[in-house]
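Trainee: Here it is: the structure, laid out below.
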Amino acid sequence: MVNRQISLGTVITILTILSTFIFTLGATSNRMESVEIDIEKNSQKILNNQDKQQKIEVDIGKLETKLDEGFKRLETLIIEN
């Protein structure tokens, strides 16, 4: 025969398991929210860095153009003299 009475130990065990599950679920949820916030911040930083990189590449292109013009002028001066 199966004893159908619930003992105090069984109730305490079930409550402990449920409370641990709920606590772990809450902690995991908070950690996930924290990670999502970090992801958003890092995505913003990446976009800003991409913009800065594009500006730097444009500036490098301008400098290369000025250097080429300077070398052309130097060549013409050397050839003329």
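The values are calculated or read from the model by the stated rules, or taken from the named source; none is laboratory data. None of these values were measured; they are calculated from a predicted model. Please note: Cβ atoms are built from the backbone with ideal geometry, for glycine as well, and neighbour counts cover all protein chains shown.
Trainee: Just checking, which of ASN81, ASN42, ASN48, ASN30 is out of contact with any helix residue (DSSP H, G or I) (no Cβ under 8 Å at 6 or more places or on another chain) and modelled with pLDDT under 90?
Mentor: Going through ASN81, ASN42, ASN48, ASN30 in turn, just one is out of contact with any helix residue (DSSP H, G or I) (no Cβ under 8 Å at 6 or more places or on another chain) and modelled with pLDDT under 90: ASN81.
Trainee: Check segment 1-16 and report whether any residue there is of a type in the set (Ser, Thr, Tyr) and in a loop (DSSP other than H, G, I, E, B).
Mentor: yes
Trainee: If LYS62 satisfies every condition in (1) at pLDDT below 95; (2) over 25 Å from the mean Cα position of the chain (by Cα) but one, which is the exception?
Mentor: Answer for LYS62: the failing condition is (1).
Trainee: I would also like to ask the following. Checking the condition more than 24 Å from the chain's Cα centre (by Cα), loosely packed, with under 10 Cβ neighbours inside 10 Å and not polar (S, T, N, Q), which residue from ILE12, ILE79 passes?
Mentor: It is ILE79.
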